[in-house]
Amino acid sequence: MDDAPTSAAVPVHPVVNLALGFAGAAAGGVLGYFAFGWLAQQGFYAVALPGVFLGIGAGLLAGRRSLTLAVVCGIVALALGVFAEWKHFPFIKDASFGYFISHLSDLKPVTQLLIALGGIGGAWFTWRARST
């Protein structure tokens, strides 16, 4: 028989888990935001990317699943998608953020759908990354 020790998962304190998850979310969100901007300059449209990357980053660094982390990341991913859309494609009539927020319903349906998918992806990838 092999006498090699088995590696057991080290329990992570919930506060540390949240802190690691938020750090991963921040890193993933920044990476996704800049990737979206770069892709937009190349002629591609991927406004869901910032939110999805945010969720992947949170899920990779979080030590275990957390419903709180997943919900917060989903909401932040949604907000990041709206911010990224405004920053890269503001309305021509008025480029202010307030105007953009008050006219979200004027965005094309595909834009609204992709922003929503980014929010869902932010929560989903945070929640599904670990099962321990």
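The values are calculated or read from the model by the stated rules, or taken from the named source; none is laboratory data. All figures in this text were calculated on a predicted structure; none of them were measured in a lab. In this analysis, Cβ positions are derived from the backbone assuming ideal geometry, glycine residues included, and neighbour counts consider all displayed protein chains.
Table for the structure above
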quantity	calculated
Every residue from the range 62-106 that is over 17 Å from PRO50 (Cβ atoms) and touching a Leu at 6+ places or on another chain (Cβ under 8 Å)	ALA62, GLY63, SER66, THR68, LEU69
Single residue of ALA58, ALA46 found to be more than 13 Å from GLY118 (Cβ to Cβ) and modelled with pLDDT of 95 or more	ALA58
Any hit, the range 63-75, residues being touching an Asp or Glu at 6+ places or on another chain (Cβ under 6 Å) and either touching a residue at least 24 places away in the same chain (Cβ under 8 Å) or more than 20 Å from PHE125 (Cβ to Cβ) (or both)	no
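Table: residues versus (1) under 18 Å from ARG128 (Cα atoms); (2) surrounded by fewer than 23 Cβ atoms within 10 Å (Cβ to Cβ); (3) of a type in the set (Phe, Trp, Tyr); (4) in contact with a Ser or Thr (Cβ under 8 Å, 6 or more places away or on another chain).
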{"position": "LEU18", "(1), (2), (3), (4)": "yes, yes, no, yes"}
{"position": "ALA35", "(1), (2), (3), (4)": "no, yes, no, no"}
{"position": "GLY51", "(1), (2), (3), (4)": "yes, no, no, no"}
{"position": "GLY57", "(1), (2), (3), (4)": "yes, no, no, no"}
{"position": "ARG65", "(1), (2), (3), (4)": "yes, yes, no, yes"}
{"position": "LEU69", "(1), (2), (3), (4)": "yes, no, no, yes"}
{"position": "ALA77", "(1), (2), (3), (4)": "yes, no, no, no"}
